[in-house]
Amino acid sequence: MEPAELQMKVEALEAALKMATAVNSEAFYWWCTALMISIHAGFLAYEMGASRAKNALASGVKNLVAFAFLVPFFYFVGWFIYNAFPSGFSISEAGAGALPWAQSMGPNLSDNASGIFWAAFTLFAATTASIMSGSVIERIRVSGFTILAIVLGSVVWVLGAAWGWHPSGWLTSVWGLHDVGAAGCVHTVAGFFTLGVLINLGARIGRFNADGTVNEINGHNMPMSLIGLMLIVMGFFGFLGGCIIYTGDTWMTIYSTPATLSAFAFNTLMGVAGGMLGCYLVTRDPFWMMSGALVGVISSAPGLDVYYPPLAFMISFVGGLIIPKLNTILLTRFKIDDAVGAVAVHGFGGVWGLVAAGVFAAGYPNVEGPAVSFTGQVQSAVVFMLLGFLPGYALSYALKMFGLLRCDENVERAGLDLAEVPVKAYPESRALPAFGDGALSPAE
């Protein structure tokens, strides 16, 4: 064979291998994105189950409406923010490639990456917005929730992602943040955004007595909630799979540090188990046991690439022990009516995960900026807390002033399904009372 012919064959093989790698990577993120849809099936099930029957469909419909709005908003706004603001509030040149009219923002046979990464990030955004949704059930207006979800999902969290979940994000390049599983920009931001909303939204009618003691308000279908939470856990394997990048030679984290899917598999499963057992031991509550699986995922998320699996279990187990206690403090001492404990699970769970990485992953080198440190992790956690809380409080306060945040008292007593949804969740059950027919007991 002539040298020129041999060279052509080698080049053809290299091109074919490059294309196969691109297509395989594209397929991987396609299925990660599809798997993340199960997170939203889970949110639907567990929130409807955690609601009383009179509010079941309204609790689900608000999620569906927000999801549908969020997709185009992330296309037109969110993806640009991620690419444009890694250094702070100055606009990076890379943002031009994420504008809606850019060549990479549509079908392009030479681009196997842009659309699939945009899709994965869109599902990250939708997941972030849905974290808030369970906390506010049974009294928030669908319109008000949709506005809050759009802002959280297409602006607030993705600004945090640009700062701390980007190869050049300033939290990493300046402070050495390491958060491969997005405990900060997703969970901490969403949890503290939710806290700001809950302060203005207020508690459900009947949640507190005049003397400040707490009444239990039980959802109408605990098994549905448990199945929904398990679906969310399943979906997080897609979420975390989307947090790792295949370069053709090896896997890399979002920060371009080396990693393997094996490390993610070890530590995700150990985290799930640790969080479940921790929450179960302190509550004996099946709802909190399954919420503990989420606590475990979040607690170990920042160091999935580097933790020794028993360490991931221990960090998540400790998270499972403390997070239910923090939820009780929010409820009893601060009168924050978080219907599903999302502020504690996601907000404080995210903070614990970031701080734990500052202790147990300290010294691990980042590609850009200083090595992982306790100080850098704590400072970054504070940034994420403020980035979530301040917009959540300000926007919900504005909606409250315009009467768009909370439904009318009579609507809340009768059930939001009657006002927000034109069909009944359980049409063959007994008729619900009309507006103004008196207060219902907390269990109804």
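So that you can scan it fast, the table gives a plain yes or no per residue for (1) under 17 Å from the mean Cα position of the chain (by Cα); (2) closer than 14 Å to VAL142 by Cα:
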residue	(1), (2)
GLY42	yes, no
ALA45	yes, no
ASN63	yes, yes
TRP79	yes, no
ALA84	no, no
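For TRP118, indicate whether it is surrounded by fewer than 24 Cβ atoms within 10 Å (Cβ to Cβ), touching a Gly at 6+ places or on another chain (Cβ under 6 Å) and either modelled with pLDDT of 95 or more or of a type in the set (Ser, Thr, Tyr) (or both). Working first, answer last.
Values: surrounded by fewer than 24 Cβ atoms within 10 Å (Cβ to Cβ): yes; touching a Gly at 6+ places or on another chain (Cβ under 6 Å): no; either modelled with pLDDT of 95 or more or of a type in the set (Ser, Thr, Tyr) (or both): yes.
Judged against the criteria, TRP118 is not a match.
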Output the residues belonging to region 91-104 that are within 17 Å of TRP165 (Cα to Cα) and not in a helix (DSSP H, G or I). ILE91, SER92
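Right, VAL156: buried (at least 23 other Cβ atoms within 10 Å of the Cβ), outside any helix (DSSP H, G or I) and out of contact with any Cys (no Cβ under 9 Å at 6 or more places or on another chain) or not?
On the way: buried (at least 23 other Cβ atoms within 10 Å of the Cβ): yes; outside any helix (DSSP H, G or I): no; out of contact with any Cys (no Cβ under 9 Å at 6 or more places or on another chain): yes.
No; evaluated as a whole, the condition is false for this residue.
Inspect all residues belonging to region 53-64 and state whether any of them is small (Gly, Ala, Ser), over 22 Å from ILE217 (Cβ atoms) and out of contact with any strand residue (DSSP E or B) (no Cβ under 9 Å at 6 or more places or on another chain).
Taking region 53-64 as the starting set, the residues that turn out to be small (Gly, Ala, Ser) are 53, 56, 58-60.
From what is left, the residues that are over 22 Å from ILE217 (Cβ atoms) are none.
Within region 53-64, none of the residues are small (Gly, Ala, Ser), over 22 Å from ILE217 (Cβ atoms) and out of contact with any strand residue (DSSP E or B) (no Cβ under 9 Å at 6 or more places or on another chain).
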Only one of (1) at pLDDT 95 or above; (2) out of contact with any helix residue (DSSP H, G or I) (no Cβ under 8 Å at 6 or more places or on another chain) does not apply to LEU294, and that is (2)
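Being more than 26 Å from THR213 (Cα to Cα), in contact (Cβ under 8 Å) with a residue 40 or more places away in the chain and aliphatic (A, V, I, L, M), is that true of even one residue in region 318-327?
Pass one, region 318-327, residues more than 26 Å from THR213 (Cα to Cα): 318-319.
Now drop any that are not in contact (Cβ under 8 Å) with a residue 40 or more places away in the chain, which leaves 318-319.
Filter again for aliphatic (A, V, I, L, M), leaving 318.
Yes, region 318-327 has at least one match.
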Answer from MET290, MET276 - the residue that is buried (at least 22 other Cβ atoms within 10 Å of the Cβ) and touching a Leu at 6+ places or on another chain (Cβ under 6 Å): MET290
Are any of the residues in region 208-220 surrounded by 24 or more Cβ atoms within 10 Å (Cβ to Cβ) and more than 30 Å from ARG413 (Cβ to Cβ)? no
Please work out if PRO107 is of a type outside the set (Lys, Arg), in contact with a helix residue (DSSP H, G or I) (Cβ under 9 Å, 6 or more places away or on another chain), in a loop (DSSP other than H, G, I, E, B) and surrounded by 17 or more Cβ atoms within 10 Å (Cβ to Cβ). no
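Suppose we filter THR283, THR247, THR257 for residues that are modelled with pLDDT under 95, on the phi < 0 side of the Ramachandran plot and in contact with a helix residue (DSSP H, G or I) (Cβ under 9 Å, 6 or more places away or on another chain); which single one remains? I'd like the intermediate steps shown before the answer.
On the way: THR283 fails: modelled with pLDDT under 95; THR257 fails: in contact with a helix residue (DSSP H, G or I) (Cβ under 9 Å, 6 or more places away or on another chain).
Step by step, each of THR283, THR247, THR257 is checked, and only THR247 is modelled with pLDDT under 95, on the phi < 0 side of the Ramachandran plot and in contact with a helix residue (DSSP H, G or I) (Cβ under 9 Å, 6 or more places away or on another chain).
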What are the residue pairs meeting all of these: first residue in region 367-396, first residue closer than 12 Å to GLY160 by Cβ, second residue part of a loop (DSSP other than H, G, I, E, B), Cβ atoms under 6 Å, and 6 or more apart or on different chains? SER380/LEU177
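Counting only residues that are touching a Pro at 6+ places or on another chain (Cβ under 8 Å) and within 24 Å of PRO258 (Cα to Cα), give me the helices (runs of 4 or more DSSP H) lying completely in region 274-389 with at least 3 of them. Working first, answer last.
On the way: elements: 286-300, 309-332, 349-360.
Hits in region 274-389: 349-360.
Listed residues GLY242, GLY271, GLY350, GLY319; which is in contact with a helix residue (DSSP H, G or I) (Cβ under 8 Å, 6 or more places away or on another chain) and closer than 26 Å to ILE116 by Cα?
The match here is GLY242.
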Of (1) closer than 22 Å to ASP179 by Cα; (2) free of Cβ contacts under 8 Å to residues at least 24 places away in the same chain, ASP249 fails just (1)
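The values are calculated or read from the model by the stated rules, or taken from the named source; none is laboratory data. As the structure is a computational prediction, the values presented were derived from the model and not from experiment. All Cβ positions, even for glycine, are placed from backbone atoms using ideal geometry, and neighbour counts span all protein chains on display.
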